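One structure below.
The values are calculated or read from the model by the stated rules, or taken from the named source; none is laboratory data. Keep in mind that what you see is a predicted model, and the values were worked out from it rather than measured. With ideal geometry, Cβ positions are generated from the backbone for all residues, glycine too; neighbour counts draw on all protein chains shown. Surface accessibility is based on the protein's heavy atoms, side chains included, excluding ligands, DNA and RNA. Shrake-Rupley method; radii C 1.70, N 1.55, O 1.52, S 1.80 Å.
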Amino acid sequence: MTSAAVQVPALGPAAPRGLCTDCGVSRMADAKACGRACQFIQPDYARLETQVHGRARDPSRPDELHFGPHRQMLRARLAAPRPGAQWTGITTRLAEKLLEVGAVDAVLTMAPDPDDKWRPVPVLVTKPEGMAQCRGMRMGYAPLLALLEPARAAGHKRLAIIGIPCQVYALRALEAELGLERLFVIGTPCSDNTTTENFHQFLALLDADPDSITYLEFRADYHVELRFADGRVREIPFLQLPISQLPGDFFPLTCRTCVDYTNVLADITVGYMAGEGDQWLLVRNQRGAELLALLGDEVITTTPGSAGKRAGAVRGFLANTERAAGGLPLRRMPDFLRGIVGWLMPRIGPRGLEFARARVEMKAVETVLHLRRQLPARLKNMVPPHVWALVAPYGLRPGADEAVSQPAGPRPGTPSTGTPLPVRQPPAASADRAG
């Protein structure tokens, strides 16, 4: 995979940690930086939101309690979808454009392992055409932030990073120490990651020939879409997924107690939850606005819709999670009802923004219940005030020994916020050859 456009630097081993998704910080020269960077120790979202966006989330603004600070929310798709992209390719196209206009020296992101298309490999992309190799979804842990050191060693001081929430939180916590001239962060939402090996087990439960699956996506219409090497497409309703057949540790405790589904510390979040078949963009700050502006008329945008009511779905999720967190089996719906409910959910269940709100509340519920069961002493440090506000309508409130423990205060140092994007014509060698 290593080429002039895409490089795969050698990385050191991960330091042993407890709650850890191997974001890459423990593989850096100062492995102890985990203590001040990790979101699973004592996250301080209000401070970092202010550092990155100029203000913390404001519950009086529409949807900021759920989704974090943002200037604009959009449904979006590329007018010309990119081949091999998970949706239409907005995420990788943004990074590609940054390289084309010379706004960054390199992009830190993921590409597939040459021997396993589902395994993510952290890569350093220095030429626009290299982004075509990074399209599509990977499943597994990958130490993306460990690439910061080889990137800086190569003289790259203007970077873009495409990351998931646990990576982006650590990046923002350490940003002031990195000495970068410019940093653009393109965030993707993340709910439940697992090892690549576990993911292969899941694929094997979905189809008799899992090696022929080339694409998998959880869609906002309550279906999983599978595509196959022979061109077939198969859609599986959520209710018919073999979740009950997965081992209890399929999803690690880190993912079951993550409070940042929507990647609130990114400059722009590119996801699907409120997209209703398109992608969902949250433009969070001026840098995010500049990123979106780069696409110009390449991107088609509309206003997100919202329909249905989430409360019943969240309460049902809470009841099942209480059973799972207590070691009891999940209540399985009778088979004769699955088809009926599967047909109804896309029609009367929460859709659009209401679907996204439901998922964020479900993740908040999951965090509280699993921490209470497995790590009760961590509740007061790991659950921010806004998460308690999200679960309060469902009867979950902090006990006397679970009250939020406020961090000691802001740490010194102010990161570079970047300067407006330069505008210049890309050289001929930077044309989009993969589109």
*Go through the residues of the range 43-50 one by one and say whether even a single one is hydroxyl-bearing (Ser, Thr, Tyr), open to solvent by 50 Å² or more (accessible area, probe 1.4 Å) and within 21 Å of the chain's Cα centre (by Cα).*
yes
*So PRO426 clears everything in (1) at pLDDT below 55; (2) out of contact with any Asp or Glu (no Cβ under 6 Å at 6 or more places or on another chain); (3) over 23 Å from ARG57 (Cβ atoms) except one condition, right? Which one?*
(2)
_List the residue pairs whose Cβ atoms are under 7 Å apart, where the first residue sits in the range 5-32 and is over 14 Å from THR254 (Cβ atoms), the second is of a type in the set (Asp, Glu), and the two are 6 or more positions apart or on different chains._
ALA5/GLU129; MET28/GLU149; ALA29/GLU149
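Yes/no matrix, rows are residues, columns are (1) within 22 Å of the chain's Cα centre (by Cα); (2) surrounded by 19 or more Cβ atoms within 10 Å (Cβ to Cβ); (3) more than 20 Å from LEU98 (Cα to Cα):
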{"site": "GLU276", "(1), (2), (3)": "yes, yes, yes"}
{"site": "GLU290", "(1), (2), (3)": "yes, yes, no"}
{"site": "ASP297", "(1), (2), (3)": "no, no, no"}
{"site": "ALA307", "(1), (2), (3)": "no, no, yes"}
{"site": "VAL314", "(1), (2), (3)": "yes, yes, yes"}
{"site": "LEU318", "(1), (2), (3)": "no, yes, yes"}
*Those residues that are surrounded by 19 or more Cβ atoms within 10 Å (Cβ to Cβ) and over 17 Å from the mean Cα position of the chain (by Cα), I need them from the range 78-87; list them, please.*
LEU78, ARG82
*If you go through the range 149-165 one residue at a time, do you hit one that is surrounded by fewer than 17 Cβ atoms within 10 Å (Cβ to Cβ) and of a type in the set (Asp, Glu)?*
no
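May I ask you to say which residue of ASP221, ASP211, ASP207 is more than 30 Å from ALA106 (Cβ to Cβ), among the charged types (D, E, K, R) and open to solvent by less than 30 Å² (accessible area, probe 1.4 Å)?
Values: ASP221 fails: open to solvent by less than 30 Å² (accessible area, probe 1.4 Å); ASP211 fails: open to solvent by less than 30 Å² (accessible area, probe 1.4 Å).
Just a single option satisfies the conditions, and that option is ASP207.
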*List pairs: first in the range 186-209 and among the small types (Gly, Ala, Ser), second open to solvent by 10 Å² or more (accessible area, probe 1.4 Å), Cβ under 6 Å, 6+ apart or cross-chain?*
SER191/TYR261; ALA204/PRO210
